[in-house]
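Values in this text are rule-based calculations from the coordinates and carry no lab data. Quick caveat, the model's predicted, so the values are computed rather than measured. All Cβ positions, even for glycine, are placed from backbone atoms using ideal geometry, and neighbour counts span all protein chains on display.
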Amino acid sequence: MSKTISSDNIELLQPHLKKKFVSVSVLLLFLLLQATVLGRFRIFNIYPDIILTAVIITALKSSLSWTIFFSCLAGALSDIPGVSPYGINTLLFALLGFFAFELSKRLIIESEWRLIAVVAIAVFLRSIGSAIFLVISGSPFSPGIFLVSSFIGSIYSAAVSPLILKLFKFIN
């Protein structure tokens, strides 16, 4: 039994693909913003991680397959301008996206306060994951400065997350 693509199927598929295309376009815009403009809004040389925030919001609102694809794409794109070895962000974003997806199945995260908490925890966990890779690779770092910058980064990203959520609601 072969499946044929009819015009009805295409019309049903188009809004779905349009949302995904727009989400990827917004991800590319966020990557550009994070690499350029957000550098002007640094606090103690730390700026919000809007790409990870977009991954968490997508994970809370999408299917598992789209969450993993979007997380891996976001991580791979974040690895390009990064200073850490290539693939670390891809792995960490995919894991955090998966955990956020699983969390969304167990907990209703409709409140902005819960979203802020999930984003803050995810950014902090990403910092911890990056630190583990730094320790494994033998790179020197100061634990005190690391904890302070991780805490400030998670708070800063969480504070920006409602704006990103509103943008994603506007798109979809």
What is the order of 24, 123, fewest Cβ neighbours within 10 Å to most?
24, 123
Going by how many other Cβ atoms sit within 10 Å of their own, how do 25, 149, 65, 127 line up, fewest first?
65, 25, 149, 127
Please determine, in degrees from 0 to 90 and to the nearest 10, the orientation of helix 112-137 with respect to the longest principal axis defined by the Cα atoms of the chain, where the helix direction is its Cα long axis.
60
Within the set 59, 122, 159, GNM on the chain using Cα springs under 10 Å gives the largest fluctuation to 159
Please determine, in degrees from 0 to 90 and to the nearest 10, the orientation of helix 64-79 with respect to the longest principal axis defined by the Cα atoms of the chain, where the helix direction is its Cα long axis.
40
Taking a temperature of 37 °C and a viscosity of 0.692 mPa s, what whole-number D in µm²/s does Stokes-Einstein yield for the chain with Rh from Kirkwood over alpha carbon pairs?
194
Debye, to nearest 20: dipole size of the chain, +1 on Lys, Arg Cβ, -1 on Asp, Glu Cβ:
200
Which of the lysines could a cross-linker span from residue 61 if the Cα-Cα distance has to be under 24 Å and same-chain partners fewer than 8 positions apart are dropped?
18, 19, 20, 105, 166, 169
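At a 10 angstrom cut-off on C-beta neighbours, averaged per residue, how do the peptides 66-75, 42-51 rank from highest to lowest?
Final packing ranking: 66-75, 42-51.
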Distance (nanometres) between label positions extended 7 Å along Cα→Cβ at residue 36 and residue 17
2.9
May I ask you to compute the full-extension gain from residue 80 to residue 106, defined as 0.36 nm times their residue separation minus their alpha-carbon distance, rounded to one decimal in nm?
6.0 nm
Compute the helix-to-body angle for 143-171: its Cα long axis versus the longest principal axis of the chain, expressed 0 to 90° and rounded to tens.
20
Pseudo-spin-label distance residue 131 to residue 65, built 7 Å along Cα→Cβ, given in nm, is 3.8
